[in-house]
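Quick one: this structure, given as structure tokens, is what I'll be asking you about.
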Amino acid sequence: MPFGEQPAYLRVAGDLRQKIVDGVLPPHTRLPSQARIREEYGVSDTVALEARKVLMAEGLVEGRSGSGTYVREQPVPRRIARVGFHSAGGCTPFRQEQTDERVRGTWESSSAQEAAGSVVAARLRIPHGAKVMRTRYVFRAEGEPSMLSTSWEPLEVTGRTPVMLPEEGPLAGRGVVERMAAIDVVVDNVVEEVGARPSLAEEAMTLGGVPGHAVLVVSRTYFAGGRPVETADVVTLADRYRVAYHLPVK
């Protein structure tokens with residue numbers, strides 16, 4: 001089989017990848033064994049093994065204990081709609097992160113005080129070690145885990161107020177904009193950055209993904225008069241979701 005100048009394991013992985021994409025190796029089909037790859041492509045065991053590792057790292061195949069390696073069924077990506085700044089009354093934490101009204105969702109959360117690390121302190125423009133309220137969320141869309149979120153709010157803003165705990169008190173479960181307005185803090189701007197990284201094991205376990213596969217991370221910060229009053233990281237599986245923004249023309 002003629003190949004180009006790529007390393008042998010990448011050439012083999014590329015040919016197997018194309019067979020998966022073309023449906024020659026459909027979902028749930030067992031990937032050719034290491035011996036079969038070695039024989040078919042005329043390569044060493046090491047090359048065959050590395051080619052299989054590439055496909056596994058790309059999320060195209062998965063190992064099943066005692067059975068072999070199989071082609072994964074690729075999910076159809078769903079959309080997470082965002083407008084960045086949701087000011088409607090009664091906005092819930094789920095609706096704050098998923099603004100598509102057609103998607104029904106729930107959330108679970110837990111809050112605790114902690115000292116701000118260097119990254120969080122920089123994002124909130126507070127001293128390293130300053131007290132923040134950290135809240136972790138698991139969001140479910142139509143009953144399935146869809147997003148994780150960790151938010152931090154400086155206690156110098158919300159401490160000793162009715163909204164210090166995002167999920168307790170008179171405005172429990174409301175969005176950041178509404179909660180801040182209750183203590184006369186007017187949110188007037190929000191900045192979001194979208195990036196990607198390998199998933200952590202606990203993230204993949206919660207979201208139903210594969211450890212090490214890519215996740216999308218939306219890093220968001222709410223501002224009031226130029227002062228950061230909340231920052232958060234929203235995490236979702238990159239192969240299952242796309243982040244879509246509604247950007248009105250002014």
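The values are calculated or read from the model by the stated rules, or taken from the named source; none is laboratory data. The model shown is predicted, which means the values in this text are computed figures rather than measured ones. Positions of Cβ are generated from backbone atoms using ideal geometry, with glycine treated the same way; all protein chains shown enter the neighbour counts. Areas reflect the complete protein model, heavy atoms only, side chains present, ligands, DNA and RNA absent. Shrake-Rupley method; radii C 1.70, N 1.55, O 1.52, S 1.80 Å.
Could you please let me know if V249 is over 16 Å from Q98 (Cβ atoms) and open to solvent by 20 Å² or more (accessible area, probe 1.4 Å)?
So V249 fits the description; yes.
Restricting attention to region 46-66, does a residue exist that is within 30 Å of P93 (Cβ to Cβ) and modelled with pLDDT under 95?
There is at least one residue in region 46-66 that is within 30 Å of P93 (Cβ to Cβ) and modelled with pLDDT under 95.
Could you name every one of the helices (runs of 4 or more DSSP H) located completely within region 155-230 that has at least 2 residues being of a type outside the set (D, E) and open to solvent by 50 Å² or more (accessible area, probe 1.4 Å)?
201-207
Next up: Let me confirm something: among L25, L16, L55, which residue is in a loop (DSSP other than H, G, I, E, B), open to solvent by less than 80 Å² (accessible area, probe 1.4 Å) and in contact with a helix residue (DSSP H, G or I) (Cβ under 8 Å, 6 or more places away or on another chain)?
Just a single option satisfies the conditions, and that option is L25.
With T106, T135, T92 as the choices, which residue is under 23 Å from E202 (Cα atoms) and either among the aromatic types (F, W, Y) or modelled with pLDDT under 95 (or both)?
Result: T106 is the single residue among T106, T135, T92 that is under 23 Å from E202 (Cα atoms) and either among the aromatic types (F, W, Y) or modelled with pLDDT under 95 (or both).
Related question: Scan region 155-172 and report the pairs whose first residue is more than 15 Å from T231 (Cα to Cα) and of a type in the set (V, I, T) and whose second residue is part of a loop (DSSP other than H, G, I, E, B) and open to solvent by less than 90 Å² (accessible area, probe 1.4 Å), with Cβ atoms within less than 6 Å and a gap of 6+ or a chain change.
That search, which allows pairs on different chains as well, returns T161/I183; V163/L171; V163/A182; V163/I183.
Being open to solvent by 30 Å² or more (accessible area, probe 1.4 Å), within 30 Å of L55 (Cα to Cα) and not in a loop (DSSP other than H, G, I, E, B) is the requirement here; does V235 meet it?
no
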